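**Q** Pasting a structure here, questions to come.
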Amino acid sequence: MTKELSLLMLAGDGIGPEIMVEARRVVDWLMENRGLNFTVHEGLVGGAAYDVFGVALDDDTLALARQVDAVMLGAVGGPKWDGVDYDKRPEAGLLTLRKELGLFANLRPAICFEPLVEASSLKPELVSGLDIMIVRELTGGVYFGEPRGIETLENGERRGVNTQVYTTSEIHRIARVAFELAAKRGGRVTSSEKANVMESGLLWREEVTVIAADYPEIKLDHMLADSCAMQLVRAPKQFDVIVTDNLFGDLLSDVAAMLTGSLGMLPSAALGVKGGGAMYEPVHGSAPDIAGKGVANPIATILSLAMALRYTFDCEAEAQMIEDAVQNVLAGGLRTADIMQPGKAKVSTSVMGDSILRALDRLNEK
Ligand code: IPM
Ligand code: MG
């Protein structure tokens, strides 16, 4: 019997359920055709959980998330829950999973698939061959810093507070992730903060530099976050690995994602300490405007499964097969609406899923 691989699929809200169905079909394909032994659990998160349990993540689902090897998450949020308190909002489900599972390292690759070069809002020559890895700190910074809240002052004015805070150990561990990745890629790390205005940014810069001493073969530079945003749209190919905090990572990863032509293409991994849990999710959100219409792009979710195979399940061959299958389908001219281009064939979520499965069949025959 091959080793049991356990997976918890939390489809969430909006287009989450539609795209997760397609990832699930790829899991089934892997079991039938590659002899992998997955046990798949399913559960609710986000608004879907709030509607049933009154919270965005219930205790049983969190307990299950701790037990499995990896969690796959679709997307959370939508206008339906706009009035809900922060601690119960759909987004809180996601933040709780990150925090409780200790998933401090968020890997967000921004890769430009060659068939989609024309879909980028930048000139083709700027994005062709683009391959950036954004390493975003995910369990600290202003997302979790205390104090936080909205208070009413004596004069009746209201005051909103969030706290940007980092400690040396938090910076050291995320820096190591970035340097280790760079060693397997282009050998360069750009660390990004606002050391010119923030003490936490200065600390970040100094402590990343401390860790750099352990990686003499890696070239490190520092770039202010605003400048980094600018450079990302000016000359994105100058970057290899970008390491940055939770908030700047949120912003910069959206910018980098869009360079590639579509948010609908990009996977991500949230990792903790080795041997601990992991969570894989598409970078795009719940897209409530197109939810339920069967037009969403399932590729980011399917590529997130490929990342799970690579980083958690140690199945590099299968991860590579999935990535090749996606390339082949795109090269064959199929597009979901978000990546539609003149002269290509527009297909639904499920037809895109079918086509990826057929491409996997062909790769598997070789
Ligand atoms: C992301 C999202 C989340 C974040 C939201 C949904 C809480 O924007 O994963 O990038 O801000 O981290
Ligand atoms: Mg974001």
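**Q** Amide H of residue 242 versus every other amide H placed in the peptide plane: which residues, excluding those fewer than 5 positions away on the same chain, fall under 5 Å?
**A** 133, 134, 135, 190
**Q** Give a residue-ordered list of calculated ³J(HN,Hα) values for the range 244-257 (Karplus: 6.51 cos²θ - 1.76 cosθ + 1.60, θ = phi - 60°; whole Hz; x for Gly, Pro).
**A** 7, 7, 5, 6, 5, x, 4, 5, 5, 6, 5, 4, 4, 4
**Q** Still on this structure: So what are the three principal axis dimensions of the range 239-296 from its Cα atoms, in whole Å, longest to shortest?
**A** 39, 28, 19
**Q** So in the range 110-268, what percent of DSSP beta bridges are antiparallel if you round to the nearest 5?
**A** On the way: 6 of 20 bridges.
Of all bridge pairs located within the range 110-268, approximately 30 percent are antiparallel.
**Q** Answer rounded, prolate or oblate for the range 27-137, using the Cα gyration tensor with square roots of eigenvalues a ≥ b ≥ c: rounded when a/c is under 1.5, else prolate when a/b is larger than b/c, else oblate. Don't skip to the answer; put the middle values down first.
**A** Working: a/c = 2.17, a/b = 1.39, b/c = 1.55.
Oblate, because a/c is 1.5 or more while a/b does not exceed b/c.
**Q** Can I ask one more? Ranking request for peptides 231-242, 91-102, 210-221: highest mean number of other beta-carbon atoms within 10 Å first, then the rest in descending order.
**A** Top of the packing list down: 91-102, 231-242, 210-221.
**Q** Karplus couplings for the range 277-285 from phi (6.51 cos²θ - 1.76 cosθ + 1.60, θ = phi - 60°), rounded to Hz, Gly and Pro as x?
**A** With the stated coefficients, the range 277-285 comes to x, 7, 9, 10, 8, x, 6, 5, x Hz.
**Q** Further question on the same structure: Please list, in chain and number order, the residues 5+ apart from residue 71 or on another chain whose amide H is under 5 Å from its amide H, with Hs placed from the backbone.
**A** For residue 71, whose amide H was placed from the backbone, the distant partners under 5 Å are 8, 278, 279, 280.
**Q** What is the range 264-303's relative contact order, in percent, from Cα pairs under 8 angstrom and six or more apart in sequence?
**A** 52
**Q** Excluding same-chain residues fewer than 8 positions from residue 237, which lysines have a Cα within less than 18 Å of its Cα?
**A** Counting by Cα, and skipping residues close in sequence, residue 237 has these lysines nearby: 123, 184, 219.
**Q** What are the ³J(HN,Hα) couplings of the range 10-27, residue after residue, when phi is run through the Karplus curve with 6.51, -1.76, 1.60 and θ = phi - 60°? Round to Hz, x for glycine and proline.
**A** 10, 6, x, 10, x, 6, x, x, 5, 6, 5, 4, 5, 5, 4, 5, 5, 4
**Q** Shifting gears a bit: Please label the shape of the range 158-290 as rounded, prolate or oblate, based on the square roots a ≥ b ≥ c of the eigenvalues of the alpha-carbon gyration tensor (a/c under 1.5 means rounded; beyond that, a/b larger than b/c means prolate, else oblate).
**A** Details: a/c = 1.35, a/b = 1.18, b/c = 1.14.
Because its axes are fairly even, with a/c under 1.5, the range 158-290 counts as rounded.
**Q** At most 11 other Cβ atoms within 10 Å and a DSSP loop assignment: could you name the GluC sites (Glu not before Pro) in the range 109-185 that fit?
**A** When the GluC sites (Glu not before Pro) of the range 109-185 are filtered for loop state and at most 11 Cβ neighbours within 10 Å, 154, 157 remain.
**Q** Going by a ≥ b ≥ c, the root eigenvalues of the Cα gyration tensor, does the range 81-169 fall in the rounded group (a/c under 1.5), the prolate group (a/b larger than b/c) or the oblate group?
**A** Note, shape of the range 81-169 comes out prolate.
**Q** Fewest to most neighbouring Cβ within 10 Å: what's the order for 61, 244?
**A** Ascending number of Cβ neighbours within 10 Å: 61, 244.
**Q** For residue 63 and residue 362 in one chain, what is 0.36 nm times their gap in residues minus the Cα-Cα distance, to one decimal in nm?
**A** Full-extension gain reported as 103.8 nm.
**Q** For the chain, what proportion of DSSP beta bridges, expressed in % and rounded to the nearest 5, is antiparallel?
**A** 40
**Q** Below 8 Å, C-alpha to C-alpha, sequence gap of six or more: please give me the relative contact order for the chain in percent.
**A** On the way: 777 pairs, mean separation 74.5, N = 366.
Over the chain, the number comes to 20 percent.
**Q** Setting aside same-chain residues fewer than 8 positions from residue 88, which aspartates and glutamates have a Cα under 15 Å from its Cα?
**A** Residue 88 reaches 13, 51, 58, 59.
**Q** Grab the Cα-Cα distance for residue 235 and residue 114, subtract it from 0.36 nm times how many residues apart they are, and report the gain in nm with one decimal.
**A** Fully extending the segment from residue 235 to residue 114 adds 41.8 nm.
**Q** Please state the relative contact order of the range 67-150 as a whole percent: Cα pairs under 8 Å, 6+ residues apart?
**A** Once normalised by length, the contact order is 26 percent.
**Q** Next question, about the same structure. Give me the Kirkwood hydrodynamic radius of the chain in Å, from all C-alpha pairs, to one decimal place? Don't skip to the answer; put the middle values down first.
**A** Details: mean 1/r = 0.0473 Å⁻¹.
This gives a value of 21.1 Å.
**Q** Out of the chymotrypsin sites (Phe, Trp or Tyr not before Pro) in the range 77-138, which ones are loop residues according to DSSP with at most 11 other C-beta atoms within 10 Å?
**A** Working: sites: 81, 86, 104, 113; in loops: 86, 104, 113.
Those that pass, being in a loop and sparsely packed, are 86.
We did not get these values from a lab; they are worked out from the coordinates using the rules stated. Everything quoted here is computed from the prediction, not taken from an experiment. All Cβ positions, even for glycine, are placed from backbone atoms using ideal geometry, and neighbour counts span all protein chains on display.
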